Amino acid sequence: MSFSHLGLSPEIIRAVTERGYTKPTPIQMQAIPAVLSGSDLLAGAQTGTGKTASFTLPLLHRLSENSVKSTSNKSSAIRALILTPTRELAAQVEESVRDYGKYLKLNPMVMFGGVSINPQKRLLQGRVDILVATPGRLLDHVHQGTVNLSQVEILVLDEADRMLDMGFIRDIRRILSLLPKQRQNLLFFATFSDKIKELATGLLDRPKMIEVARRNVTAETVAQKIYKVERDRKRQLLAHLIRKDNWYQVLVFTRTKYGADRLVKQLADERIQALAIHGNKSQSARTHALAKFKNGSLQVLVATDIAARGLDISELPHVVNFDLPNVPEDYVHRIGRTGRAGASGEAISLVSVDEYHLLADIEKLIEKRLPVEVVTNFGVTSHTKPEPIADERKHTPKDSPRPPRSNTKSLPQKSAKKSTPRRVTGSKKFDARPSSSRRGAKRSDR
């Protein structure tokens, strides 16, 4: 089957062909006719399966069919709204909308935080048919009265599971309350959860359900393996693997922003060029690093989970989990950056003893035991004791550095006397968590 058999307009087919695509992927073959029919849609697919085109192509077709009534309207009433969890994904989706709709009289726009809001305000004063946005920045415009959502015909929640994981549920509900009740709703997810089920129940009206792969599984095109290694030797092992096999375009995931920056400096000491992207980096720095990585001029890109979604790099060969994620579903998203659209890829995890319980959670989720490989002089010694990181998982925001451990040692008690427990009254309970954890994690992608 070709795209022309799916009922898309000749202008869209022309743009798709120019990008080198001739046959739709399984998710596209099912989702495009469903969206064209006007039905609500709940769609699950692994990353790298062509999900973005599965909603942008029919969305463009539906809006272009009814474009006559809006051509004389110069106001900024949005006709289609696409919400994404991260800035990088928003930019990527808007680029796809612009490329696929290049021969249509439709105006797309992207908005996200980390950059000045004033240029976005100026664009909104003109005609915008399709808006791609992160929830936080969209609400900034709502509060300033610079965006009109009263005419939205189609709503797309892309990577909805990630938005819920990042705590955007209140923002999403606020945005939904501003939209017309009569509209088409498209909800896309990579991993299914109770949160997604609850959101879909309240949002969708008799939706069509599409799943092109079994839930929460990794792509068969990705070769997965783990190396068990001492925590303080992970950096040396990573540098060894990169040099030994002459790896290039290596995407490395760390658990924290501090860990990402530190690893970049350590790799520089090994004469390996690397840059980091995470929530504390300016948008210009993130865009610069990603552009260099995509064009092949940067060997290693170190990222926190903010980059696990939205990175679309053709034929990315290597993904490395320098730290295993606390949330097992994030492992699926991370390694989904490679092995995309049928290409082969390799996902490697460097696992220290204190991460064995995280590895067990991942293997339980994907229902697969990951093969273990050993590199001489880098294995875990038998006397190594696990260092639990349970406190970090409970109290520390995912993208924050771990609090330092106390070096205080308890004094030995004298055996001659029995000490009576001292009763303390009126004292406040001490909270050992870092202040950032008590206040709650700050979202980086407003």
- Say whether the condition of being among the aliphatic types (A, V, I, L, M) and under 16 Å from Lys208 (Cβ atoms) is met by at least one residue in segment 5-20. yes
- Message: Of the conditions (1) touching a Leu at 6+ places or on another chain (Cβ under 8 Å); (2) part of a loop (DSSP other than H, G, I, E, B); (3) not hydroxyl-bearing (Ser, Thr, Tyr), Lys102 satisfies every one except a single condition; which number is it?
- Response: (1)
- Only one of these conditions is not met by Gln249: (1) closer than 27 Å to Val327 by Cα; (2) touching a strand residue (DSSP E or B) at 6+ places or on another chain (Cβ under 6 Å). Which number is it? (2)
- Note on the structure: Note: among Ala90, Ala160, Ala133, just one is hydrophobic (A, V, I, L, M, F, W, C) and touching a residue at least 60 places away in the same chain (Cβ under 8 Å), namely Ala90
- Query: Would segment 307-316 turn up any residue that is modelled with pLDDT under 85, crowded, with 24+ Cβ neighbours inside 10 Å, among the polar types (S, T, N, Q) and under 26 Å from Val93 (Cβ atoms)?
  - Reply: no
- Message: Testing Glu198 on (1) crowded, with 17+ Cβ neighbours inside 10 Å; (2) over 16 Å from the mean Cα position of the chain (by Cα), one condition comes back false. Which one is that?
- Response: (1)
- Message: If I filter segment 248-255 for residues that are assigned by TED's automatic domain parsing to the domain that holds Thr304, without any contact (Cβ under 8 Å) to a residue 60 or more places away in the chain and among the polar types (S, T, N, Q), do I get at least one hit?
- Response: no
- Item | segment 272-306 - residue that is within 14 Å of the chain's Cα centre (by Cα) and in a helix (DSSP H, G or I) and, of those, modelled with the lowest pLDDT | Ile306
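Condition check ((1) under 23 Å from Phe188 (Cα atoms); (2) within 27 Å of the chain's Cα centre (by Cα)) across all residues:
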| position | (1), (2) |
| --- | --- |
| Ser9 | no, no |
| Arg14 | no, no |
| Thr17 | no, no |
| Lys23 | yes, yes |
| Pro26 | yes, yes |
| Ala31 | yes, yes |
| Ala34 | yes, yes |
| Ser37 | yes, no |
| Gly44 | yes, yes |
- Message: Restricting to segment 79-99, count the residues that are buried (at least 23 other Cβ atoms within 10 Å of the Cβ) and either farther than 23 Å from Asn148 by Cβ or modelled with pLDDT under 95 (or both).
- Response: 8
- Task: Check segment 100-116 and report whether any residue there is farther than 22 Å from Leu60 by Cβ, in the same structural domain as Ala53 (by TED's automatic domain parsing), aliphatic (A, V, I, L, M) and surrounded by fewer than 19 Cβ atoms within 10 Å (Cβ to Cβ).
- Result: yes
- Flag if Thr201 is part of a loop (DSSP other than H, G, I, E, B) and within 30 Å of Pro325 (Cα to Cα): no
- Message: I'm trying to understand the selection: among the residues of segment 105-132, which are outside any loop (DSSP other than H, G, I, E, B), closer than 19 Å to Thr287 by Cα and in contact with a strand residue (DSSP E or B) (Cβ under 8 Å, 6 or more places away or on another chain)?
- Response: Met109, Val110, Met111, Gln120, Val132
- Message: Looking at segment 152-171 only, could you name the residues that are surrounded by fewer than 18 Cβ atoms within 10 Å (Cβ to Cβ) and either touching a Pro at 6+ places or on another chain (Cβ under 7 Å) or of a type in the set (Gly, Ala, Ser) (or both)?
- Response: Gly167
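The values are calculated or read from the model by the stated rules, or taken from the named source; none is laboratory data. What you see is a predicted model, and the numbers here were worked out from it, not measured in a lab. Counting neighbours? That spans all protein chains shown, and the Cβs are built from the backbone with ideal geometry, glycine included.
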